[in-house]
Amino acid sequence: MPSQLVDHPRLQTQRRVLIVLVAAQVLSGAGLAAGVTVGALLAQQMLDSTSLAGLLSALATAGSALAAVAVGRISHARGRRPGLAAGYLAGAVGSAGVIVAAVADNAVLLFLAMFVYGAGTATNLQARYAGADLATPARRASAVSVVLVATTLGGVVGPNVAAPAGDLAHALGIPHLAGPFILAAAAYAMATLVLAVWLRPDPLLLARALEPERGAADGQPGRAVEGRRSPGVLVGTLVMVSTQLVMVAIMTMTPVHMHDHGHGTAASGLVIAIHIGAMYLPSPLTGWLVDRYGSLTIAVASGLALLAAGLVAASAPGDSVALFAVALALLGLGWNFGLVAGTAIVTDAVPLATRAKTQGLVDVAIAVAGATGGMASGLVVAAASYPSLAIGGGILALAIVPAIAVAARNR
């Protein structure tokens with residue numbers, strides 16, 4: 001009975017927190033996807049270089065690494081609300097900076113703006129931890145999946161309005177490829193407002209306050225009850241780092257590869273929309289699979305899905321939009337498996353007292369991996385080919401499997 005009295009308001013608050021996070025994620029998903037669709041193309045146009053096209057993505061993900069530390073530290077000290085709101089506000093500022101850089105045709109300003117824009121990506125990912133703060137151990141993966149799937153709507157809409165946004169930008173005297181960043185700036189600003197006004201009470205601060213009560217109710221003062229044994233932060237981080245690196249590398253250069261084969265913005269926007277949908281839409285199913293079969297099993301599945309994505313992308317004819325869509329759908333699914341499973345592993349392994357800081361540092365590693373993938377992708381394609389990049393990424397993803405096998409033996 002005491003634990004029920006503690007859990008009832010906690011569950012009610014968790015539902016409210018998830019509703020607010022879902023609203024913010026729908027908006028931030030649009031901001032994230034809009035920039036992804038045309039970022040590399042904008043860099044290619046302004047720099048007149050394919051080998052440096054991945055640099056813009058690398059700078060954005062490098063910026064997300066710094067933002068992950070900042071958001072994690074702010075969340076640790078003051079709660080999730082100010083941390084997430086600050087991150088999305090930075091994303092809005094970066095989006096506006098990209099527009100200004102495109103109008104001024106200033107590559108240096110473009111790089112700086114994309115670095116700041118990366119804060120939106122980091123915050124979009126950090127929000128999943130807020131969904132898990134008040135969740136019970138047995139439902140953490142499902143709670144994470146609810147937050148992730150909310151990104152789907154904005155993530156699918158964003159790329160598909162790339163062409164109309166470009167037309168609007170052109171009518172306003174702004175370069176066509178900068179148009180989607182108008183949407184990104186507005187979406188991130190609205191997400192900031194939603195979190196700042198409605199994410200109350202703060203889920204992390206409330207979870208910390210309730211932790212001693214839950215521990216006492218279960219006869220274990222001062223500690224939260226963990227539902228399943230975790231293989232540790234290192235394994236969870238490796239899973240998420242591997243999936244992020246491979247996903248960013250292949251995703252970044254696919255629109256460029258399609259453009260080189262005569263496809264327009266609408267075609268690449270459709271492929272990216274399918275990719276973003278596959279990244280987030282399966283989240284409820286993935287959360288259930290992790291809760292049902294364990295995080296290690298689904299982590300292995302992520303490596304296999306990424307391998308399949310690389311093989312399909314490498315073998316796709318240049319004129320086949322359908323096969324590129326299949327490849328990026330598999331790429332998104334593999335990323336989703338890895339992120340949900342890895343998040344559950346890390347969250348289970350870290351106590352509430354240090355959770356936000358540790359999660360921020362984990363996401364730094366993820367961001368660095370993304371920056372590496374984005375930067376290397378253009379260089380690999382320029383030196384070899386897009387199929388080489390795709391096959392290499394798929395093989396690299398298999399590094400997850402032996403790591404998981406070792407972790408499983410040591411449990």
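The values are calculated or read from the model by the stated rules, or taken from the named source; none is laboratory data. All figures in this text were calculated on a predicted structure; none of them were measured in a lab. Cβ coordinates were reconstructed from backbone atoms using ideal geometry, including for glycine residues, and neighbour counts include every protein chain displayed.
Determine whether region 71-83 contains at least one residue that is surrounded by fewer than 24 Cβ atoms within 10 Å (Cβ to Cβ), at pLDDT 90 or above, part of a helix (DSSP H, G or I) and touching a Ser or Thr at 6+ places or on another chain (Cβ under 6 Å).
Checked against the condition, which is being surrounded by fewer than 24 Cβ atoms within 10 Å (Cβ to Cβ), at pLDDT 90 or above, part of a helix (DSSP H, G or I) and touching a Ser or Thr at 6+ places or on another chain (Cβ under 6 Å), region 71-83 yields no hits at all.
Here are some conditions: (1) at pLDDT below 85; (2) not in a helix (DSSP H, G or I). PRO201 meets all but one. Which one does it not meet?
(1)
Over 29 Å from VAL116 (Cα atoms), in a loop (DSSP other than H, G, I, E, B) and modelled with pLDDT under 85, is that true of GLU211?
The answer is no for GLU211.
Scan region 308-337 residue by residue and report those that are free of Cβ contacts under 8 Å to residues at least 60 places away in the same chain and polar (S, T, N, Q).
Within region 308-337, just SER320 meets the criteria.
What about GLY154, is it assigned to a helix (DSSP H, G or I), modelled with pLDDT of 85 or more and touching a Ser or Thr at 6+ places or on another chain (Cβ under 9 Å)?
No; evaluated as a whole, the condition is false for this residue.
So the check is Cβ under 6 Å with 6+ separation or different chains; which pairs have a first residue in region 159-171 that's crowded, with 19+ Cβ neighbours inside 10 Å and a second one that's of a type in the set (S, T, N, Q) and modelled with pLDDT under 75?
PRO159/THR37; ALA162/THR37
Are there any pairs with C-beta distances below 8 angstrom linking a residue in region 281-305 that is at positive phi to a residue that is of a type outside the set (Ser, Thr, Tyr), with the two at least 6 apart or on different chains, and if so which?
GLY294/ARG228
Looking for whichever is assigned to a helix (DSSP H, G or I) and either within 14 Å of LEU234 (Cβ to Cβ) or of a type in the set (Lys, Arg) (or both) here; the options are ILE395, ILE391, ILE404. Which one fits?
ILE404
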